[in-house]
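Have a look at the structure below before the remarks.
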Amino acid sequence: MQCLRCKGLMIAVHMRDLSSRHSVSGWHCLLCGATTDPGIEANRVSHVPPVRSRTRVPGSPAARLGKGRA
Ligand SMILES: [Zn+2]
């Protein structure tokens with residue numbers, strides 16, 4: 001598995017889940033120390049990335065295109 005943050009090597013680890021009191025398997029990055037577990041992964045997958053606003057900024061070159069060019 002590749003680290004999402006630094007693309008480093010991640011190893012499988014077992015972590016204790018405090019809420020359910022059982023150990024869960026997750027991933028630990030050897031380079032940056034990032035840790036991820038199935039719960040975090042599920043959150044990440046279900047989270048829809050914000051849609052980039054298509055609102056034009058007044059005065060930007062894109063907004064002026066096609067206008068005022070006589
Ligand atoms: Zn990393």
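Of the residues making up segment 1-40, those that are in a loop (DSSP other than H, G, I, E, B) and away from the ligand (no atom under 14 Å from the Cβ) are LEU18, SER19, SER20, ARG21, ASP37. Contact map, segment 1-30: first residue more than 15 Å from ARG44 (Cβ to Cβ) and modelled with pLDDT under 90, second residue away from the ligand (no atom under 16 Å from the Cβ) and small (Gly, Ala, Ser), Cβ cut-off under 9 Å, separation 6 or more or different chains; pairs are HIS14/SER23; HIS14/SER25; MET15/SER23; MET15/SER25; ARG16/SER23; ASP17/SER23; ASP17/GLY39; VAL24/GLY39.
The values are calculated or read from the model by the stated rules, or taken from the named source; none is laboratory data. Just so it is clear, the structure is predicted and the values come from calculations on it, not from any experiment. Glycine gets a Cβ as well: all are built from the backbone with ideal geometry, and neighbour counts include every protein chain shown.
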